[in-house]
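Below is one structure, written out as structure tokens, with a few remarks after it.
The values are calculated or read from the model by the stated rules, or taken from the named source; none is laboratory data. Remember, it's a predicted structure, so these values are computed and weren't measured experimentally. Note that we place each Cβ from the backbone using ideal geometry, even for glycine, and neighbour counts take in every protein chain shown.
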Amino acid sequence: MNIKKVFCILIALTIMFVPIELVHAEEITIFRVSTSEQFVDAVKQINEGDDNAEYVIEMLNDIEVTTSTSPGANLSLEFKKGTTTIYGNNHSLKGKLHSFGLIWASGNSVVNLGSEDQPEKSKLIIEPASSFRLPELLGISGSATVNVYYGVVFQNNSTIDRPGGAIYVENGTLNMYGGIIRNCTDAYTGWGGAVYSSSKFTMYGGTIENNVVGEKGLEGFGGGVCNLGTFTMKGGVIQNNKAESPNKEGFGGGVCNLGTFIMEGGVIQNNTSSTAADDVFSQNKTKITVAANKDKGFGTLTSTKEQISGWFEDGNNENSNRWDVNNYCVEIAAEDASKETVIALKAAHGAKKEITVTFNTNSGVWTDTTDKFSQNEDSTYSETLNLGEKAIAPTNPTKTAYTFLGWFTQNDTAYDFDSEVNENITLYAKWAKNMEPLNTVPTINASDKTLTVGDKFDPLKDVTASDKEDGDITEKVEVLSNDVDTSKAGTYTVIYKVTDSKGASSTKTITVTVKAKDTQNPTTDDSKKPSATDTDRKPASTDKQTTSNSPKTGDSTNMTTWLALMFVSLGLLAGVFTVRKSRKSR
């Protein structure tokens, strides 16, 4: 025999006959299991223990259950007492006993599939082995309680014998805090594609999706959940389940209630049924306090891609009209859906309503060239949306010398393009004037002029003007006033003005002097000049022409004054010398 084969057989035998590992910690017994036999043996020991004992089963491998704790009851793993927490450690638990339920909680037992504080250890896939079909993946009876947590997945079972494609609650309590139930089918009994409960089922979280009831020809009730007891939904999602049959009727694609249904939270959406009530069908007590809209976590309707906005009548009427976005949209408030009579509901939306968003550029220039906007006669632009959609912001408009600040409502509030549009609205472009540099006043270059009577005068000749911003602006010089008259001598003024492109202006005044023409002296004939002899012969000239060396009266007076002053000065000097001499002699 091949050595490798012998070695493998020895390993298998060793694993098979190695006793289960038992650990006692703080009065909690922990079983670590790797095989079907070890798992079954652990359950048997739990059932033989105390009613109030606590246990933990940790899976170390993927396990296919091929033996049974209760052969006579067709149950693979039946828990009858104690509180047991099962950690899958990311492994799978598969049922491989035909017509045997995989996990069953009975008596006063409590079974925790995972735990809230150990999400990674809680990961466990529960399903039938390949090509096997089981009555249920989980069953509950007596006064037992099963708690399902995040990470646990029930999947891929097509039930036989008993209702509930994945879970059957005959009595006791099922609490779903998390986890997933998916791709299961009740094709024979027609009661609950995922869960059938005739007792107490409370859903706090988790997801029930893609399950089917009734597809093999029987009537189908509750593609997701069929309730004959009390089903309270506080959270979680039930979606994409089906209640349908080729030749029979299907009711309640999401939930079919024949007991008491209380919906305080969670989402039921995008389920389908062949007869009535895609999402919720009830023939008994119903209390729904959850509005089906985005604020409550509802998404878009798969068939229309539109946002779900409320509960709508779906088949429960005199003419059995189903919801149709184009033909039949009757919305029902959550309070009105809380009745003891028959109701059939679909989480959907009303007929499409077009909303117009108008853009007023406030004298700006529209720049958006996409086909999302249309121009109106008043030079505004419009965008057409469906009710509840978000407006698309156009390309920013432009305006010379201004900065675009955004689109604002009529109340001068900046518009939020992430908000839904529920009514017609006009948005206005808001502008801020740009800061401009100070404009320099232009300069006129002109100087005073002197003319002679009879000269020609052009007031703009040799006059120039310049501006720091505009450059040469001589051609813009204008004459405000000009009183120059070159026909007569005089002093005149000319006033100039120039204005630049920004409106700044300056003036300048020059003086124009007009002089009389010079008069030329007559020429004297030398032959007519008198001779010296003639001059000597002329009588003496008048006093103006007479010269004399005699002092004038004023000259005599001045001379006398000077002489007097001189004698006084000499006298004073003589006195000074006399005084000095006398002081020395002492």
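One residue stands out among those in the stretch 94-128 that are modelled with pLDDT under 95 and in a loop (DSSP other than H, G, I, E, B): the one that is nearest to residue 159 (Cα to Cα), which is 99. Restricting attention to the stretch 425-436, the residues that are loosely packed, with under 12 Cβ neighbours inside 10 Å and either under 21 Å from residue 354 (Cα atoms) or not aliphatic (A, V, I, L, M) (or both) add up to 3. Residue 303 - would you say it is over 17 Å from residue 252 (Cα atoms), in a loop (DSSP other than H, G, I, E, B) and either outside the structural domain of residue 387 (by TED's automatic domain parsing) or over 34 Å from the mean Cα position of the chain (by Cα) (or both)? Against the criterion (over 17 Å from residue 252 (Cα atoms), in a loop (DSSP other than H, G, I, E, B) and either outside the structural domain of residue 387 (by TED's automatic domain parsing) or over 34 Å from the mean Cα position of the chain (by Cα) (or both)), residue 303 qualifies.
Are any of the residues in the stretch 444-451 surrounded by 13 or more Cβ atoms within 10 Å (Cβ to Cβ), over 30 Å from residue 364 (Cβ atoms), without any contact (Cβ under 8 Å) to a residue 12 or more places away in the chain and out of contact with any helix residue (DSSP H, G or I) (no Cβ under 9 Å at 6 or more places or on another chain)?
Within the stretch 444-451, not a single residue is surrounded by 13 or more Cβ atoms within 10 Å (Cβ to Cβ), over 30 Å from residue 364 (Cβ atoms), without any contact (Cβ under 8 Å) to a residue 12 or more places away in the chain and out of contact with any helix residue (DSSP H, G or I) (no Cβ under 9 Å at 6 or more places or on another chain).
Does residue 405 qualify as being out of contact with any Leu (no Cβ under 6 Å at 6 or more places or on another chain), buried (at least 17 other Cβ atoms within 10 Å of the Cβ) and either outside any loop (DSSP other than H, G, I, E, B) or at positive phi (or both)? No.
Taking the condition of being surrounded by 15 or more Cβ atoms within 10 Å (Cβ to Cβ) and over 23 Å from residue 193 (Cβ atoms), how many residues in the stretch 292-315 meet it? Qualifying residue count, the stretch 292-315: 6.
Conditions tested, residue by residue: (1) of a type in the set (Ser, Thr, Tyr); (2) surrounded by fewer than 24 Cβ atoms within 10 Å (Cβ to Cβ).
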site	(1), (2)
196	yes, no
213	no, no
218	no, yes
222	no, no
227	no, no
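Taken over the stretch 311-337, the residue count meeting the criterion of being on the phi < 0 side of the Ramachandran plot and at pLDDT 90 or above is 13. For the stretch 483-509, taking the residues that are of a type in the set (S, T, N, Q) and touching a strand residue (DSSP E or B) at 6+ places or on another chain (Cβ under 7 Å), the one that is nearest to residue 438 (Cα to Cα) is identified as 505. Would you confirm, using the coordinates I've provided, whether residue 267 is buried (at least 21 other Cβ atoms within 10 Å of the Cβ), in contact with a helix residue (DSSP H, G or I) (Cβ under 8 Å, 6 or more places away or on another chain), touching a residue at least 24 places away in the same chain (Cβ under 8 Å) and closer than 23 Å to residue 228 by Cα? Spelling it out, residue 267 is indeed buried (at least 21 other Cβ atoms within 10 Å of the Cβ), in contact with a helix residue (DSSP H, G or I) (Cβ under 8 Å, 6 or more places away or on another chain), touching a residue at least 24 places away in the same chain (Cβ under 8 Å) and closer than 23 Å to residue 228 by Cα.
The set of residues in the stretch 284-300 that are assigned to a loop (DSSP other than H, G, I, E, B) and among the hydroxyl-bearing types (Ser, Thr, Tyr) contains only 289.
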